[in-house]
Amino acid sequence: MAALRSWADRAALDAGFAAEVAGHLAAGIAARGAASLVVSGGRTPAGFLQALATHPLDWSRVWVTLADERWVDADHDASNERLLRASLQQGPAAAAHVVGLKTAAASPQAGLAEVAERLAALPRPFDVVVLGMGDDGHTASLFPDAPELAAALASTAAVAALTPGAAPHARISLTPAALLDTGALYLHIVGADKQAVLERALADGPVEELPIRFALRQTRVPCSIQWAP
Ligand SMILES: O=C(O)[C@H](O)[C@@H](O)[C@H](O)[C@H](O)COP(=O)(O)O
């Protein structure tokens, strides 16, 4: 169950999408006294996160975590947590609680229990989950070539450790079980290449081939696709 919203350009997408997500967070705060947001890493979300940070929410009541993380320290260039803190934790949004997925453990596998414990502190179901998508159809760190993919897709645990062959760094990823435990689900993509991958993902074929299909095909929560050229 997926619907596509096409924006005129990336600036319009960043501003309009941020306003919609801010609305969900404000509603979550009003209803539960706290709100939770799961965002993705990579290059796409920076402008959206910067736009979101300008919204006058009670950010001290907002918990933010990541859909996935590369197993690198939080000050590493490849760290999604670093991107999240640099883009979102600014101005009033500096009061948001960022829950990182990297621990001191030697590997994602060894860090799973601690990360699951950290995630248990976030209000559930999440208010908003924002997924990204790679050119190979991966989302979060659910990579088509990771040997652990099938187990992660089927897992009832919140997090899984994956070792993608093509992408750098060992990964920790939220599983579909956690990513779909949300009131609002978005897929945030830009550009013609991602549009082409999306078209393939919406066609028939196994989820393991293009893992984003798990989000596009499920019926638990509508998936709203936000796209700009
Ligand atoms: O850590 C990661 O790699 C991301 O969370 C990943 O799932 C990302 O969303 C896609 O790879 C898209 O990345 P781009 O936005 O850079 O294309």
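A few points about this structure:
- Take the chain and mark each of the trypsin sites (Lys or Arg not before Pro) that is in a DSSP loop with at most 13 other Cβ atoms within 10 Å; the longest unmarked stretch, sites excluded, is 44-219.
- Proximal charge balance of Val115 [Cβ under 13 Å; K/R count +1, D/E count -1]: -2
- Inverse of mean 1/r across different Cα pairs in region 2-228, Kirkwood, Å: 17.3 Å
- As a rough footprinting exposure proxy, the listed residues Thr103, Thr54 were ranked by other beta carbons within 10 Å of their own, and the order from fewest upward is Thr54, Thr103.
- Neighbour-count ranking [beta-carbon atoms within 10 angstrom, fewest first] of Ser173, Ser87: Ser87, Ser173
- Separation of alpha-carbon centers, region 203-221 and region 125-190, rounded to whole Å: 12 Å
- Among the helices of the chain, none built from whole DSSP H runs has Cα atoms reaching 18 Å or more along its own axis together with a mean Kyte-Doolittle hydropathy of at least 1.0.
- Where labels lie 7 Å past Cα in the beta-carbon direction, separation of Ala166 and Ala116 in nm: 3.1 nm
- Region 1-130 - Kirkwood radius from inverse mean 1/r over Cα pairs (Å): 15.2 Å
- Net length available on complete extension from Ala74 to Arg124 is 15.5 nm, with 0.36 nm assigned per residue and the Cα-Cα distance removed.
- Per-residue ellipticity at 222 nm from helix content only, as computed over the chain with -39500 (n - 2.57) for each DSSP H run of at least four residues, stands at -10000 deg cm²/dmol.
- Each of Asp135 and Ala86 was given a label point 7 Å from its Cα along the Cα-to-Cβ line. The distance between the two points is 2.2 nm.
- Compared with the direct C-alpha span, the chain from Ala30 to Ser6 gains 5.7 nm at full extension, assuming 0.36 nm per residue.
Coordinate-derived values only; no laboratory data. Predicted model, so just to flag it, every value in this text is computed and none were measured. Using ideal geometry, Cβ is built from the backbone for each residue, glycine included, and neighbour counts are taken over all protein chains shown.
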